[in-house]
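A short worksheet on the structure shown next.
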Amino acid sequence: MKTWTTLIIDDEQLARQRLKRLLKPFEEFEIIGEAINGADGLEQIDTLKPELIFLDIEMPVLNGFEMLSRLQHQPKVVFTTAYDQYAIKAFEEDSIDYLLKPIEAERLAKTVKKLQQGMQQPAPALPLEALMQQLFVKKELKTLTVKIGDKILLIKLSDIVYIEAEDKYVFLHTTDGRKHLTDFTITGLEEKLPEAFIRIHRSTIINTEHIKEIRKGFNGALVFVMDNTAGSKLTSSRSNGDMLRERFDI
């Protein structure tokens, strides 16, 4: 059985931890390092020369495509992304494997099977620029999935008032006053959700269609009063204040 020396490249610490946990049962992977962005990944790949990388696409400094275009050492690549299948259709057509976040163990097992079968990973047939353009084509999203035991609930975006990260967990707060645990990270949701959802704090995303009123807070922050039954009051970070005032023309 072949063992692949493996590097994980993702700017989200929780995403890296989740992937490492999922990879642990598979003897096929020897994790030799982690990188927190494209520039860090570029340096580690050229130094460690891994045979395989799990690569996030949207990252600061250099995104996944930009990093790949600068590599001297060429490992096999498994993309990890929060974008839906429509946006990454180009990857499927070119036999580039990908894992859709939040990554599931069953889907990861299919990646392992491909590696065991010795599938060759060709260079993308489309130019880099064309791939990057397709990356940002988002399918219209109308629901998010939430697992409750053996059941999967579909939560309509229109029913989500706000999203909040609490410690290592992310919850969807809905109009009926309930909150639902999701496997998505807050950054992953920020990338995935339509423009009506904006991040007002590193731990909070709000649905602007459910804003009842906006109040001025301390030190340039804003307080958003939502129209749910609880009348939730959500405070922005001071650093987001200017962006939010411009957005709402305050």
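The values are calculated or read from the model by the stated rules, or taken from the named source; none is laboratory data. Since the structure is predicted, the reported quantities are computational estimates derived from the model, not experimental observations. We place every Cβ from the backbone using ideal geometry, glycine too, and count neighbours over all the protein chains shown.
Here are a few things to note about the model shown:
- Condition broken by Pro75, with the remaining ones in (1) modelled with pLDDT under 75; (2) in contact with a Pro (Cβ under 8 Å, 6 or more places away or on another chain); (3) of a type outside the set (A, V, I, L, M, F, W, C) satisfied: (1)
- Positions within region 50-76 being touching a helix residue (DSSP H, G or I) at 6+ places or on another chain (Cβ under 7 Å) and not in a loop (DSSP other than H, G, I, E, B), in sequence order: Ile53, Phe54, Leu55, Asp56, Gly64, Phe65, Glu66, Met67, Ser69
- Flag if Glu34 is part of a strand (DSSP E or B), in contact with a strand residue (DSSP E or B) (Cβ under 6 Å, 6 or more places away or on another chain) and within 16 Å of Phe79 (Cα to Cα): yes
- Sole exception among (1) of a type outside the set (Val, Ile, Thr); (2) surrounded by fewer than 21 Cβ atoms within 10 Å (Cβ to Cβ); (3) touching a residue at least 24 places away in the same chain (Cβ under 8 Å) for Lys20, by number: (3)
- Of the numbered criteria (1) modelled with pLDDT of 90 or more; (2) polar (S, T, N, Q); (3) assigned to a helix (DSSP H, G or I), the one Asn240 fails is (1).
- Checked against (1) modelled with pLDDT under 90; (2) surrounded by 11 or more Cβ atoms within 10 Å (Cβ to Cβ); (3) within 24 Å of Glu12 (Cα to Cα), Asp167 passes all but a single condition, namely (2).
- Glu213 vs. criteria over 22 Å from the mean Cα position of the chain (by Cα), part of a helix (DSSP H, G or I) and surrounded by fewer than 13 Cβ atoms within 10 Å (Cβ to Cβ): no
- Exclusive hit being surrounded by fewer than 19 Cβ atoms within 10 Å (Cβ to Cβ) and touching a Lys or Arg at 6+ places or on another chain (Cβ under 9 Å), set Ala196, Ala221, Ala230: Ala221
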